[in-house]
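Okay, structure first, notes after.
The values are calculated or read from the model by the stated rules, or taken from the named source; none is laboratory data. Model, not experiment: these values are computed from the prediction. Reconstructed Cβ throughout: ideal geometry from the backbone, glycine too, with neighbour counts over all protein chains shown. What goes into the accessible areas is simple: the full protein's heavy atoms, side chains included, and nothing from ligands, DNA or RNA. Shrake-Rupley method; radii C 1.70, N 1.55, O 1.52, S 1.80 Å.
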Amino acid sequence: MSTARSTIHFSDLNLNADILAGLDRCGYKIPTPIQTASIPVILAGKDIAASAQTGTGKTASFVLPILNRLALKKTGRGPNVLILSPTRELANQITAAIEKYGRHMNLAVASITGGVPYPKQIQQLSRRVDIVVATPGRLMDHMERKRLDLSNVDVLILDEADRMLDMGFIDDARHIAKATPATRQTLLFSATLDKSLMRRVEDLLQKDYVRVDLSEAIMAPARISQELYLTDNAGHKMRLLMHFLQNQSIARAIIFSATKRQADELADELCSQGLAASSLHGDMKQNMRTRTVEQLRRGRIQLLVATDVAARGIDISDISHVFNYDLPRVPEDYIHRIGRTGRAGREGTAISFASRRDTAQIRNIERVMKQPIARKSIEGLEPSSRPESGNAPQRKRFGGGGGG
Ligand code: AMP
């Protein structure tokens, strides 16, 4: 008798044959840890609070069981499933995942997000709809105008709930939840399940909800190599960025900047250096944002200079590098940012720039990540100021053998 634990396959998870066929076509055979942990719980009809970041297969963790449920029981009077997302990009991503996995299921999915014209949404809501994927603001707009009846919702999903809290949407989400039946199944996904979040959302869950906390294990995916470079000033930071862009093999990269204006300026600067770069931020019209992400996906641009909100939900599997040109203000955003790379089992590199004034912020990030980030420097581009005590930088020599 073997004591080795055998690998779980999707076919072991009691999913409907159409869904298994859809997964097979995607080439997915083995569920990721968050999928293995949450799919059986959701299939059993339990509420769940799961900690999972993007890039870990989180979307399929809730999309597959809800598709399974709809395959077994569709009332015809929908929507039966309501998914709330903090951003439009993430909502589009979820809608795309539903369409991908449920291709053979004849599902009516309505994507109700801000920044897009109302008429198409009004039309979608006037017909049969099984699943609504929405950002809270626009959904409430339609609710107030009585274009949507949520009394047949069997499953409510709050995706990236921590982000909803940060962005001030949690009260809207609670208001929306109240319009759905109290007997519904509620699924909560969030990068972190800390106390401040759970205090605000725990009452939306049934008392016997199951907590799936894989954050310790997946906080810092081993396949993402993380490096931190201390910088003296803006010029030094730019020289370092150019060094990486010119010396590393970069398939596609996202460069995070603190402000919309800086995102534009940095993208312009990179373009003037002959690089295929574009900015992405919340001041851009939605169709422009969608087009820019598509250009990155297609390889028409190689570098996307983005703010946190705009980059949320981008799922492009071959982003080789994430640069934190500026550190995120909210430490948890660091996880979201670096999770843009190292997706779908690929390797990724996350390079952060920080000045000596950022010492406290670096500590906060390391505390959230539960691990230190390696300090590095590039020969010829070292910071002139002395680095933080106890964190002597490892020197990286290109073409040489290791640190000095
Ligand atoms: P997510 O965390 O939902 O944003 O998913 C990250 C990426 O992993 C997406 O491109 C998914 O299509 C892909 N993915 C999800 N589940 C699996 C799986 N079991 N095997 C391989 N790739 C997957």
Scoring only Lys, Arg, Asp and Glu (+1, +1, -1, -1) among other residues with Cβ under 15 Å from the Cβ of Gln124 yields +2
Provide the descending list of Cα extents for the chain along its principal axes, expressed in whole angstroms. 66, 62, 40
Round to a whole angstrom and tell me the spacing of the C-alpha centers of the range 7-50 and the range 157-207. 23
For the range 1-118, what relative contact order do you get, as a whole percent, if you take Cα pairs closer than 8 Å and at least 6 residues apart? 27
Can you sort Leu20, Leu90 by 1.4 Å-probe accessible area, starting with the largest? Leu20, Leu90
Portion, in percent, of the accessible area of the chain that falls on carbon or sulfur, probe 1.4 Å: 48
Highest GNM mean-square fluctuation among Lys260, Lys146, Lys29, for the chain with Cα springs under 10 Å, belongs to Lys146
Applied in sequence order to the range 192-209, the curve 6.51 cos²θ - 1.76 cosθ + 1.60 (Karplus, θ = phi - 60°) yields integer Hz couplings, x standing for Gly and Pro, of 10, 10, 6, 4, 5, 6, 4, 4, 8, 10, 4, 6, 7, 9, 5, 4, 9, 5
With an 8 Å Cα cut-off and a minimum separation of 6 or more residues, compute the relative contact order for the chain in percent. 17
List residues of the range 152-190, by number, whose backbone nitrogen lies under 11 Å from a label position 7 Å along Cα→C-beta of Ser196. 165-167
With springs only between Cα atoms under 10 Å, which of Asp308, Asp24, Asp333 fluctuates most in a Gaussian network model of the chain? Asp24
Between Ala251 and Asp171, what is 0.36 nm times their sequence separation minus the Cα-Cα distance? Round to one decimal in nm. 24.8 nm
At a Cα cut-off below 24 Å, give the lysines reachable from Lys260, other chains included and same-chain residues fewer than 8 away excluded. Lys237, Lys285
Asn152 and Ser317 label points (each 7 Å along its Cα→Cβ direction) are spaced in nm at 3.5
Ranked highest first by the average count of other Cβ atoms within 10 Å around their residues, in what order do 38-47, 290-299 fall? 38-47, 290-299
Please work out the average accessible area per residue across the chain, using the 1.4 Å probe convention, and give it in Å². 45
Under a point spin-label approximation (7 Å from Cα along Cα-to-Cβ), what is the Leu43-Met242 distance to one decimal in nm? 5.6
